[in-house]
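**Student:** Attaching a single structure in structure tokens format; questions to follow.
Throughout, read-outs are computed from the coordinates displayed, never taken from laboratory work. On a predicted model such as this, the values are computed, not experimentally measured, just so you know. A quick note on method: Cβ atoms are made from the backbone with ideal geometry, for glycine too, and the neighbour counts reach across all protein chains shown.
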Amino acid sequence: MNDMSPDSYTTADGRTIGGKIMEVKNITLRFGGVVAIKDISFDIREGEIRAIIGPNGAGKSSMLNVINGFYHPQEGEILFRGEKRGPMKPYQIAQQGIARTFQNIALFKGMSTLDNIMTGRFTHMKAPVWKQAIWRGEAEREEIENREVVEKIIDFLEIQAIRKTPVGRLPYGLQKRVELGRALAAEPKLLLLDEPMAGMNVEEKEDMSRFILDVNDEFGTTIALIEHDMGVVMDISDRVVVLDYGKKIGDGTPDEVRANPEVIDAYLGVSHD
Amino acid sequence: MFYREAGDYKTSYVDDSQTFPIALDRRIYMAAAVLAFLVVPFVMTDYLVNAIMMPFLIFAIAALGLNILTGYCGQVSLGTGGFMAVGAYSTYKLMTAFPDLNIFFIVILSGIITAGVGVLFGLPSLRIKGFYLAVATLAAQFFLVWMFNKVGWFYNYSASGQISAPERTVLGQAVTGANAAPWVSYLFCLVFVFALAWLTRNLTRGRIGRSWMAIRDMDIAAEIIGVNPLRTKLSAFAISSFYIGISGSLFFAVYLGAAEVGEAFGIQKSFLVLFMIIIGGLGSIFGSFAGAAFMVLLPVILKLFFADFIGWPTDLVAHLNFIIVGGLIVFFLIVEPHGLAALWRTIKEKLRLWPFPH
């Protein structure tokens, strides 16, 4: 654990950025002959908003899938809170405190908003099955305690009115919000957001940006996000890592990245004269 | 007008998450319980018990069980008949091996044994999904029926290959065997139905129920919030098989009295229970009951009306039953995949607003 490492600092808006919560070291991921990620290293610091950007097919989502255990890289290692991580299943990684949302909404369509977010509390509920079957006593108490936490998240995301609505009936923007709520309910130490603003209009993007900033500010949650909207990324993130064709081509503050010639080439193309 | 939630204020999360949030509902279900326990046993005829009430109660348990697995956890199973047979043969072996053990505990033990068998056949569910899992459970169905036919130990090497339930009593009243009074058998089954329905409600509203539904709706998303897919699916198989085992145990010991495995627990039983939950409503406790009632009542009503009242030949009426059930399955799958329970929900929504359209 190196939370209190000497290189922690305070940002211009008064948030404290701690030591490295996650370190990704020399990750290489291959699918047969296709190299999706090639020798990528970067770190995520405690309390920061870290963006991963890059053109289509750069390997951003693959990187997220490596971090939360859907893909197992052939080379490299991941350190979470200073400890090297062995090969783990996604649910074990979730139990360690890493939550995420998906690019294409992955909500539980048959359940209400409340139940979806309650499911996010899964790792915080401990009553054994036989006590749940009897309900009265421990299981009910635990349910109510977790319901209180979930209601706070519902208030925070301003979705009180759709508490009991099946999520399948909700419009796209609200579904994205419920999915964020479900990830927040786990009280993650590291929150991964895969294109939280994809397919949204300007207003919805503004709302979502505000929620992301508030989550980071109020709960102190470390956030790593993938996003295509450069305006949003440059505005809200502390540091940005840029991928292109599976390789890292830039890493630093938004201003540094914006000035990086390789990044400009990747986004605008390069003349071959 | 009568069916209102206005004025029924919820001031705590306990109130808000109760089983019947609307006061009228609570009264209706309370009245139904009183009726079922205190009135029905003393007014009904033997015909009613044997043709309607007992099959309804026993298949309601099986439907609840299959609904946990298929409706809540999304794992299709065609092995219901086979698992009912496991319950029945466990009961038979336990009854003959431990004559002094109370039948009540024998039924529960049979459920537990079936749960174990269910977990065994649920193991492939981590690797195979949907249609292929259905085929795997179909294999369980045929294997189990074959095994109970072939291995003499299961039917104590009786010459006929049949199993028959000896007389056992609860509180001095015969529950199984030839001397069992219908009202005693009825009450014995009713106690199980009530307890199991209550357990289903508790399981499905809490943590484990949500993890089942999460696996059903989006297994990848369930995994990233910490749900262990194998353990969750196996728990659904175990609990579902427990119910189905109890149902099979009651079906053999209390209802039939004597059974031959291929006839009593064949593939038709698997489909019958599956049809119950499709017509009744997947993922609904009320739907399990509605579906069981429907599938039990339909042939009886058709026979009463067409055969006894109009005078059609009985085989024609039996075929009519198949046609109607087949048509309804197609109808429900296309028009209302959540079955009678969803229709009932829609009616309640309308009733809450009545006489206004919205």
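**Student:** Two-decimal Rg/Rh of region B:138-208 from alpha-carbon positions, Kirkwood Rh?
**Tutor:** My calculation puts Rg/Rh at 1.14.
**Student:** Computed over the Cα atoms of chain A, what is the ratio Rg over Rh, Rh following Kirkwood?
**Tutor:** 0.99
**Student:** Which lysines have a Cα lying under 16 Å from the Cα of B:LYS93, excluding residues fewer than 8 positions away in the same chain?
**Tutor:** Cross-link targets: B:LYS150.
**Student:** Under DSSP H, which helices of chain B have Cα atoms covering 27 Å or more of the helix axis and a Kyte-Doolittle average no less than 0.5?
**Tutor:** Those that pass (Cα extent of 27 Å or more, hydropathy at least 0.5) are B:103-122, B:130-150, B:182-205, B:229-250, B:314-335.
**Student:** For peptide B:12-24, compute the average count of partner chain beta-carbon atoms within 10 Å of each residue's beta-carbon.
**Tutor:** Average neighbour count from other chains, rounded to a whole number: 2.
**Student:** For region B:210-345, with equal point scatterers placed on the C-alpha atoms only and solvent neglected, what are the log10 I(q)/I(0) values from the Debye formula at q = 0.09, 0.10 1/Å, to two decimals?
**Tutor:** -0.38, -0.46
**Student:** How large is ³J(HN,Hα) for each residue in region B:123-128, as worked out from phi by the Karplus curve 6.51 cos²θ - 1.76 cosθ + 1.60 (θ = phi - 60°), to whole Hz, x for Gly and Pro?
**Tutor:** Whole-Hz 3J(HN,Hα) from phi for region B:123-128: 3, x, 5, 5, 8, 10.
**Student:** Going out from 0 in 20 Å bins, what whole percent of all Cα-Cα distances in chain B drops into each bin?
**Tutor:** Percent of Cα pairs in each bin: 28, 58, 14, 0.
**Student:** Further question: Let me have the relative contact order for chain B, percent, based on Cα pairs under 8 Å that are six or more residues apart.
**Tutor:** Relative contact order of chain B: 29 percent.
**Student:** Relative to the Cα centre, what is the charge dipole magnitude of region B:233-357, using +1 at the beta carbon of each Lys and Arg, -1 at the beta carbon of each Asp and Glu, and rounding to the nearest 20 debye? Don't skip to the end; give the middle numbers.
**Tutor:** Working: 7 positive and 6 negative charges, 111 e Å.
Here the size comes out at about 540 debye.
**Student:** So if a site counts as exposed when it's one of the chymotrypsin sites (Phe, Trp or Tyr not before Pro), its DSSP state isn't H, G, I, E or B, and it has at most 12 other Cβ atoms within 10 Å, what's the longest stretch of chain B without one?
**Tutor:** B:158-358
**Student:** Given H placed 1.01 Å from N in the peptide plane, which residues other than close sequence neighbours of B:VAL170 have an amide H under 5 Å from its amide H?
**Tutor:** The list, which skips near neighbours in sequence, is B:VAL175.
**Student:** Size of the dipole of region A:112-181 about the Cα centre, Lys and Arg at +1 and Asp and Glu at -1 on the beta carbon, nothing else charged, in debye to 20?
**Tutor:** Its charge dipole is roughly 180 debye.
**Student:** Next question. Once you charge only the Cβ atoms, +1 for Lys and Arg and -1 for Asp and Glu, what is the size of the charge dipole of region B:21-266 about its Cα centre, to the nearest 20 debye?
**Tutor:** Values: 14 positive and 9 negative charges, 146 e Å.
Roughly 700 debye, rounded to the nearest 20.
**Student:** Skipping prolines and chain starts, which residues have an amide H placed within reach, meaning under 5 Å, of the one on A:ARG30, given they are 5 or more residues away or on another chain?
**Tutor:** A:ALA36, A:GLN74
**Student:** Still on this structure, I have one more. Applying the Karplus parametrisation 6.51 cos²θ - 1.76 cosθ + 1.60 with θ = phi - 60° to the phi angles of region A:220-236, what ³J(HN,Hα) value in whole Hz is obtained for each residue in order, glycine and proline being reported as x?
**Tutor:** x, 6, 6, 10, 10, 9, 9, 8, 9, 6, 5, x, 4, 4, 5, 6, 9
**Student:** Kindly give the semi-axes, whole Å and largest first, of the ellipsoid equivalent to region B:13-74, taking each as the square root of 5 times a Cα gyration tensor eigenvalue. Each step should come with its number before you reach the end.
**Tutor:** Details: eigenvalues 144, 92, 8 Å².
Square roots of five times the eigenvalues give 27, 21, 6 Å.
**Student:** Let me ask you something else. As a check on your grasp of the helix formula, calculate [θ] at 222 nm for the protein assembly as shown: sum -39500 (n - 2.57) over DSSP H runs of n ≥ 4, divide by the residue count, round to the nearest 500.
**Tutor:** The per-residue figure over the protein assembly as shown is -16000 deg cm²/dmol.
**Student:** Whose amide H sits under 5 Å from the amide H of A:MET22, counting only residues 5 or more places off or on another chain, with H placed in the peptide plane?
**Tutor:** HN-HN under 5 Å from A:MET22: A:ILE44, A:ARG81.
**Student:** Taking region A:112-181, how much of its Cα-Cα pair set, in percent, is spaced more than 18 angstrom apart? Don't skip to the answer; put the middle values down first.
**Tutor:** Numbers: 961 of 2415 pairs.
Summing the P(r) of region A:112-181 above 18 Å gives 40 percent of all pairs.
**Student:** Once the piece of chain linking B:ALA178 and B:LEU304 is laid out straight, how much longer is it, given 0.36 nm per residue of separation minus the C-alpha distance between them?
**Tutor:** Net length gain for the segment: 42.6 nm.
**Student:** If one computes the Cα centroid of region A:79-150 and of region A:160-176, what distance in Å separates the two points?
**Tutor:** 20
**Student:** If you line up the Cα atoms of region B:117-270 on their principal axes, what length do they span on each, largest first, in Å?
**Tutor:** If we take the Cα atoms of region B:117-270, the spans are 56, 35, 23 Å.
**Student:** Partner chain Cβ atoms within 10 Å, averaged over the residues of A:216-228 - can you pull that number for me?
**Tutor:** Whole-number average of other-chain Cβ neighbours for A:216-228 is 0.
**Student:** Can you give the longest run of chain A that contains no trypsin sites (Lys or Arg not before Pro) sitting in a DSSP loop with at most 15 other Cβ atoms inside 10 Å?
**Tutor:** A:1-125
**Student:** For region B:300-358, build the charge dipole from Cβ charges (+1 Lys, Arg; -1 Asp, Glu) around the Cα centre, then report which of B:LEU302, B:PHE356, B:ILE323 sits farthest towards its positive end.
**Tutor:** B:PHE356
**Student:** As a test of the definition: which semi-axes, in Å, follow for the protein assembly as shown when you take the square root of five times each eigenvalue of its alpha carbon gyration tensor? Largest first, please.
**Tutor:** 55, 27, 22
**Student:** Shifting gears a bit: Pull out a ≥ b ≥ c, the square roots of the eigenvalues of the alpha-carbon gyration tensor of region B:1-146, then state rounded if a/c is under 1.5, prolate if not and a/b is larger than b/c, and oblate in the remaining case. Please list the in-between numbers first.
**Tutor:** Working: a/c = 2.32, a/b = 1.38, b/c = 1.68.
Note, shape of region B:1-146 comes out oblate.
**Student:** Using only the Cα atoms of region A:139-273, what semi-axes does the equivalent ellipsoid have when each is the square root of 5 times a gyration tensor eigenvalue? Give whole Å, largest first.
**Tutor:** 35, 16, 12
**Student:** Shifting gears a bit: If you average the alpha carbon positions of region B:299-348 and of region B:150-200, how far apart do those two centres end up, in angstrom?
**Tutor:** Cα centroid of region B:299-348 versus Cα centroid of region B:150-200: 30 Å apart.
**Student:** Another one. For region B:259-331, compute Rg over Rh where Rg is the Cα radius of gyration and Rh is the Kirkwood radius from the inverse mean 1/r over Cα pairs.
**Tutor:** Numbers: Rg = 13.5 Å, Rh = 13.2 Å.
Answer for region B:259-331: 1.02.
**Student:** With viscosity set to 1.567 mPa s and temperature to 4 °C, compute the Stokes-Einstein D of region B:106-154, Rh being the Kirkwood radius across alpha carbon pairs; µm²/s, no decimals.
**Tutor:** In µm²/s, the coefficient is 107.
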